[in-house]
Amino acid sequence: MNFDANSLPLQRIADDLAERGWSVQDAFLPASLTAALAAECRACDVAGTLAAAAIGHGDGLAVREGVRGDRTQWIEPGRSEACDRYLAVLDALRRQINRSLFLGLEDFEGHFALYPPGAFYQKHLDRFRDDDRRTVSVVLYLNPGWQEEQGGALRMYLPGEQTLDLAPFGGRLAVFLSGDFPHEVLPASHDRLSLTGWFRRRGDSSF
Ligand code: OGA
Ligand code: MN
């Protein structure tokens, strides 16, 4: 599963972020890597390690199914070859964004997410009120053969009351500035799988 990171559209993503704050790339990874990540997300579901997602953090952490209905599993380096390959790609993307936008992104945190049929995530911003380290949101969709009619779009709220609906097609990568774009996940008729995460800056409180 070797591939050349230079062939990935990292500069295009950085340019999109600089110009308008968001970017979408279809077939972002080699198909074999997307398939391996999708299989791993499925395996987490089968093994029962996906847990009801929470909102907020620290003392404010709470599970509220009326806000978001996905189940998640955080990923750490070393958990699998596929995840490590993806994390390496993301690290190259992080450095590219830093070179182009001077955002000072330091690290990445991310999780597999599975939205069962009917589940959604209400309109929100990917920044906590008391912790603004999350700076760039990165979502990789893991749904082979997804049809638009199956729903599950990521609805982005753009400036000027415009909205943009992105279907969660397998292999599609959505990247956006976390603090600038309210967004929501619409319900789907089938399980909706993704690997979702955030590039973070150093926080004032993390001395
Ligand atoms: C999130 C989120 C978007 C998506 O997990 O914060 O907004 O399309 N996910 O899964
Ligand atoms: Mn979000």
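Details
- Gyration tensor verdict on the range 71-205 (Cα atoms; rounded if a/c is under 1.5, prolate if a/b is larger than b/c, oblate otherwise): oblate
- Residues with amide H under 5 Å from that of L158, placed H, sequence gap 5 or more: T163, L164
- Rounded percent of accessible protein surface that carbon and sulfur make up, the range 1-148, 1.4 Å probe: 49 percent
- Close amide H pairs (under 5 Å, H built 1.01 Å from N) link W146 with G170, residues at least 5 positions away or on another chain.
- Among the DSSP helices (H) of the chain, those spanning at least 18 angstrom by Cα along their long axis with an average Kyte-Doolittle hydropathy of -1.0 or more are 31-47, 81-101; this is a geometric and hydropathy rule only.
- Electrostatic dipole magnitude of the range 80-145 [Cβ: Lys, Arg +1; Asp, Glu -1; Cα centre; debye, to 20]: 280 debye
- For the options E40, E106, E161, a Gaussian network treatment of the chain with springs between C-alpha atoms closer than 10 Å singles out E161 as fluctuating the most.
- Measuring between their Cα centroids, the range 91-143 and the range 23-77 lie 12 Å from each other.
- Tensor-based shape of the range 51-128 (alpha-carbon gyration tensor, a/c under 1.5 rounded, otherwise prolate or oblate): prolate
- Every pair of different Cα atoms in the range 1-99 enters the Kirkwood calculation, which places the hydrodynamic radius at 15.9 Å.
- Compactness check for the range 142-207: Cα Rg over 2.2 N^0.38 Å is 1.33.
- With helices as the sole contributors, the chain gives -8000 deg cm²/dmol at 222 nm; each DSSP H run of n ≥ 4 counts as -39500 (n - 2.57), and the sum is divided by every residue.
The values are calculated or read from the model by the stated rules, or taken from the named source; none is laboratory data. None of the values given here were measured: they were computed from a predicted structure. Note: ideal-geometry Cβ built from the backbone for every residue, glycine included; neighbour counts use all protein chains shown. Areas reflect the complete protein model, heavy atoms only, side chains present, ligands, DNA and RNA absent. Shrake-Rupley method; radii C 1.70, N 1.55, O 1.52, S 1.80 Å.
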